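**Q** This is the structure I have questions about; it appears just below.
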Amino acid sequence: MAGNGVFAEIIDGEVFKYYCEGEWKKSTSGKSVAIVNPTTRKTQYKVQACTQEEVNKVMEIAKAAQKTWAKTPLWKRAELLHKAAAILKEHKAPIAECLIKEIAKPAKDAVTEVVRSGDLVSYTAEEGVRILGEGKFLVSDSFPGNERTKYCLTSKIPLGVILAIPPFNYPVNLAVSKIAPALIAGNALVLKPPTQGAVACLHMVHCFHLAGFPKGLISCVTGKGSEIGDFLTMHPGVNCISFTGGDTGIAISKKAGMVPLQMELGGKDACIVLEDADLDLTAGNIVKGGFSYSGQRCTAVKVVLVMESVANALVEKVNAKVAKLTVGPPEDNCDITPVVSESSANFIEGLVMDAKEKDATFCQPYKREGNLIWPLLLDNVRPDMRIAWEEPFGPVLPVIRINSVEEGIHHCNASNFGLQGCVFTKDINKAILISDAMETGTVQINSAPARGPDHFPFQGLKDSGIGSQGITNSINMMTKVKTTVINLPTPTYTMG
């Protein structure tokens, strides 16, 4: 299992190593960072606390490795990615074990994340061969005043070194969603995993190591954000940053300078429910969207905006489904498991207490044991409550009753977030009109918000992010256009 078998070389004693130059190494700092199990609230793993000097070394090696990798045939890059995908899926059990213990992900969901990640890597390899195997041919006489004296050839070339920073909630899947596009496009990759989820990431990186990628092309540095966070994101060796997380991304974007940024920074995804909605379908999606993985998803339903005339019926149906959710440890495959940290649980509790003071209706009693918070639906929430606007990242869902569609759209658009949203109605014309009016990167019609399938475009507006993800978009974002212009001595016309 974790740290054993083929993964034995990634750990030294009780501290997991970092990955540099194709080798697993111990930091010269002699220090480690503890990873606390959200369920037991005790130290589960330890990882290296890398130094700034080690980051410099990683960047230097990555730059050199990228030059050679960019000359590697496209089919060969794809072949190695397919191999890594197969190894990743083959070792889903030990990686899933890490996800269970590091981030309290239910066992079945942990396995699904690893398998999905392998599929993403393979799909990226295939898509990359198609996208990067094509170029453009332009001629000059299509623009007024020009003869056909210039042939322009365009192609996509790699940016250089990509810095990938995934979040705790999907550390493997959101890491490979950055790694695979970077590699197929000819870039080198430096991964800075989240603290919670770092060991799962190290196991995942070892799968790429076993696939036989060139030394130095992929690196994984662990450590304290306070010591190497800004140093990484402001490093002159970084040519692109792909970040998924929270407010930290805004700070990164202000410091990063002139490098391309791909950022997804959270959401307050609104669910607008009209009078004609299928309430059974709606309730099922609200519970799935709001409470799966304890609500710790950027695309979770974060606020329900329901027409007053059907609010009582919807709340009753949602409550009936919430009552069936199982609560407990991730090893038991419970629906609701502990949130990632005590500070996260305290933040969620603060939102709940604010709603209580302002007379929100508690559909269930508030219950918490350590980091475990029981699912809670809050009805009759008003815009003056924090929970109406702030992202809890936990199993607490507010319901705001509205008297018009315009009121729902206004609340959605007044948020500083704009990641996803959803609308439930049987009238497709209304659905499209509402979708167009919602200031979000994606609107789901008659389904809960979701990032996948992984080849779909995924982007946010406002404070929810910069750029667009999804396999094709990520490949394009991690390349730049190179043109070569052939100047002819005289105008030429084929078949003239």
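**Q** Can you name the number of the only condition in (1) aliphatic (A, V, I, L, M); (2) under 30 Å from ILE157 (Cβ atoms); (3) in contact with a Leu (Cβ under 8 Å, 6 or more places away or on another chain); (4) crowded, with 21+ Cβ neighbours inside 10 Å that VAL423 fails?
**A** Status for VAL423: all satisfied but (2).
**Q** Condition (residue is under 22 Å from GLY408 (Cα atoms), in contact with a Lys or Arg (Cβ under 7 Å, 6 or more places away or on another chain), touching a residue at least 12 places away in the same chain (Cβ under 8 Å) and not in a helix (DSSP H, G or I)) applied to the stretch 304-313: is it met by at least one residue?
**A** Initial filter on the stretch 304-313 (under 22 Å from GLY408 (Cα atoms)): 304-313.
Within this subset, residues satisfying the condition of being in contact with a Lys or Arg (Cβ under 7 Å, 6 or more places away or on another chain) are 306, 308, 311.
Subsequent filtering for residues that are touching a residue at least 12 places away in the same chain (Cβ under 8 Å) retains 306, 308, 311.
Then keep just the ones that are not in a helix (DSSP H, G or I); that gives 306.
Yes, the stretch 304-313 contains a residue that is under 22 Å from GLY408 (Cα atoms), in contact with a Lys or Arg (Cβ under 7 Å, 6 or more places away or on another chain), touching a residue at least 12 places away in the same chain (Cβ under 8 Å) and not in a helix (DSSP H, G or I).
**Q** Still on this structure, I have one more. Is at least one residue of the stretch 469-485 surrounded by 21 or more Cβ atoms within 10 Å (Cβ to Cβ), in contact with a helix residue (DSSP H, G or I) (Cβ under 7 Å, 6 or more places away or on another chain) and within 24 Å of ALA388 (Cα to Cα)?
**A** no
**Q** Of the residues in the stretch 411-439, how many are hydroxyl-bearing (Ser, Thr, Tyr) and under 19 Å from ASN285 (Cα atoms)?
**A** 2
**Q** Further question on the same structure: Failed condition for PHE231, given (1) open to solvent by 10 Å² or more (accessible area, probe 1.4 Å); (2) assigned to a strand (DSSP E or B), with all others met?
**A** Exception for PHE231: condition (2).
**Q** Now a separate question. Return the total of residues in the stretch 370-399 being in a loop (DSSP other than H, G, I, E, B) and either touching a Phe, Trp or Tyr at 6+ places or on another chain (Cβ under 9 Å) or over 17 Å from SER292 (Cα atoms) (or both).
**A** 16
**Q** Which pairs turn up if I take residues in the stretch 275-297 that are in the same structural domain as VAL423 (by the TED database) and aromatic (Phe, Trp, Tyr) and look for partners that are at pLDDT 95 or above and assigned to a helix (DSSP H, G or I) with beta carbon separation below 8 Å, at least 6 apart in sequence or on another chain?
**A** Between residues of the stretch 275-297 that are in the same structural domain as VAL423 (by the TED database) and aromatic (Phe, Trp, Tyr) and residues that are at pLDDT 95 or above and assigned to a helix (DSSP H, G or I), the close pairs are PHE291/VAL322; TYR293/ASP109.
**Q** Take the residues in the stretch 400-412 that are β-branched (Val, Ile, Thr) and in a helix (DSSP H, G or I), then tell me which one is surrounded by the most Cβ atoms within 10 Å (Cβ to Cβ). Walk me through it before giving the result.
**A** Residues of the stretch 400-412 that are β-branched (Val, Ile, Thr), as a first pass: 400, 402, 405, 409.
Adding the requirement that they be in a helix (DSSP H, G or I) leaves 405, 409.
Details: VAL405: 19, ILE409: 22.
Among them, the one singled out is ILE409.
**Q** For LYS268, indicate whether it is part of a loop (DSSP other than H, G, I, E, B) and of a type in the set (Lys, Arg).
**A** Here the answer is yes, as LYS268 does meet what is asked.
**Q** It is to be established whether one or more residues within the stretch 157-168 are modelled with pLDDT of 95 or more and open to solvent by 50 Å² or more (accessible area, probe 1.4 Å).
**A** Yes: the stretch 157-168 contains one or more residues that are modelled with pLDDT of 95 or more and open to solvent by 50 Å² or more (accessible area, probe 1.4 Å).
The values are calculated or read from the model by the stated rules, or taken from the named source; none is laboratory data. All of these numbers come straight from a predicted model, not from anything done at the bench. Virtual Cβ from ideal backbone geometry, glycine too; neighbours counted across all protein chains shown. Surface areas here come from the heavy atoms of the whole protein model, side chains and all, with no ligands, DNA or RNA. Shrake-Rupley method; radii C 1.70, N 1.55, O 1.52, S 1.80 Å.
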